[in-house]
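Written below as structure tokens is the structure these notes are about.
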Amino acid sequence: MAAISCGRAPDEIALLAISKTFPSESILQAAEAGLHRFGENRVQEAEGKILRLRQKLNLEWHLVGHLQSNKAKRAVELFDRIHSLDGAKLASRLSQAGVEMGKIQSVLLQVDLGQEETKFGADPEHIRELLEAAAGLKGIQVDGLMTIPPFFDDPEKSRPFYAKLREMRDTLDSEQPGCLGRKHLSMGMSHDFEEAIREGATIIRVGTAIFGSR
């Protein structure tokens, strides 16, 4: 409904079910209901779930949480897409792992638009530098941008952050066409995904609205 109300086709938007802290059984139930993309925050927590469910289902796994460089190799082994690339060192580690495995790892650049101490992401002023560093690496493919804005009780207050990310994507792509691959915008969660869709989200990260409260 949110897509149709703003003139977008629903198939333009991927629903990523955020399954962090929920057990494999909950993911299995969601998969049986028709979902096949799942997002996890931490490599260690996700590993057991992914390996267990791979034996039963062909699911798509995304890492949406902060990733430390020393876990880059395992992340490349486990995940189809990593949403949280925020530095050149991590980009290099991910690329090295991808090359070693014969895989081109899809990544999104996480942009810290809210400038909160508790959030991760690259400074918007440095995003071009990170994009340039990542573009020269063989084992990764930058496919767009991701952000996590501050939490607001009024979801409408998230819209300027989502509009800014869309504008940033469009500017970068106009400066260097193709530099952001699939040009994804990963933004919007359970409480504000409708606002994110109105501002151009192509991936919405929905957890509690699917699985319930944590």
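The values are calculated or read from the model by the stated rules, or taken from the named source; none is laboratory data. These numbers come from a predicted model, not from an experiment. Neighbour counts are summed over all protein chains in view; Cβ atoms, including those assigned to glycine, are modelled from backbone coordinates with ideal geometry. The accessibility values were calculated without ligands, DNA or RNA, using every heavy atom of the protein model including side chains. Shrake-Rupley method; radii C 1.70, N 1.55, O 1.52, S 1.80 Å.
Please tell me if P149 is more than 18 Å from the chain's Cα centre (by Cα) and not hydrophobic (A, V, I, L, M, F, W, C). Answer is no for this residue. Number of residues in segment 60-101 that are in a strand (DSSP E or B) and acidic (D, E): the value is 1. Meeting the requirement of 1 or more residues that are open to solvent by 70 Å² or more (accessible area, probe 1.4 Å), the strands (runs of 3 or more DSSP E) wholly within segment 131-214 are 140-146.
The single residue among N41, N70 that is within 20 Å of M189 (Cβ to Cβ), out of contact with any strand residue (DSSP E or B) (no Cβ under 7 Å at 6 or more places or on another chain) and modelled with pLDDT of 95 or more turns out to be N41. Scanning segment 57-86 for residues that are open to solvent by 20 Å² or more (accessible area, probe 1.4 Å) and either within 22 Å of G136 (Cβ to Cβ) or among the basic types (K, R) (or both) returns S69, K71, K73, R74, R81, D86. Here K89 meets each of (1) touching a Ser or Thr at 6+ places or on another chain (Cβ under 6 Å); (2) free of Cβ contacts under 8 Å to residues at least 24 places away in the same chain; (3) within 20 Å of M189 (Cβ to Cβ) with one exception, condition (3).
Exactly one residue out of G102, G136 is modelled with pLDDT under 95 and more than 30 Å from F211 (Cβ to Cβ), and it is G136. Selection over segment 1-44 of residues that are hydrophobic (A, V, I, L, M, F, W, C) and free of Cβ contacts under 8 Å to residues at least 60 places away in the same chain gives a count of 9. For first residues located in segment 58-70 and farther than 18 Å from G207 by Cβ, partners that are among the aliphatic types (A, V, I, L, M) and part of a helix (DSSP H, G or I) and lie 6+ apart or on another chain with Cβ distances below 6 Å form the pairs L67/A75; S69/L90. When segment 102-130 is filtered for residues that are open to solvent by 90 Å² or more (accessible area, probe 1.4 Å), touching a residue at least 24 places away in the same chain (Cβ under 8 Å) and part of a loop (DSSP other than H, G, I, E, B), the ones remaining, listed by number, are I104, F120. For segment 13-35, the set of residues classified as buried (at least 16 other Cβ atoms within 10 Å of the Cβ), of a type in the set (G, A, S), over 13 Å from the mean Cα position of the chain (by Cα) and not in a helix (DSSP H, G or I) consists of S19 only.
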